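Everything on this sheet refers to the single structure shown next.
The values are calculated or read from the model by the stated rules, or taken from the named source; none is laboratory data. Just so we're clear, the structure is a prediction, and the values are computed from it rather than from any experiment.
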Amino acid sequence: MGRYCGNSLPAPMTTSGNMLYVKFVSDSSVTRAGFRATWDVCKLAGAGIA
């Protein structure tokens, strides 16, 4: 999906599966608070949720 660095937030991401893998890598050049990720369940048009 991409590599994201610095202070800019990436655009929202959507996955069509039930999992999303995020790999966080730091070069330790700056030490600050970590990162935050949020998620939400959305129903796709025409798709039923059992």
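Quick check on segment 15-30: of everything there that is among the β-branched types (V, I, T) and modelled with pLDDT of 80 or more, which residue is farthest from V41 (Cα to Cα)?
The extreme case among them is V25.
Check G6 against each of (1) at pLDDT 80 or above; (2) on the phi > 0 side of the Ramachandran plot; (3) small (G, A, S) and name the one condition it does not meet.
Here G6 clears every test but (1).
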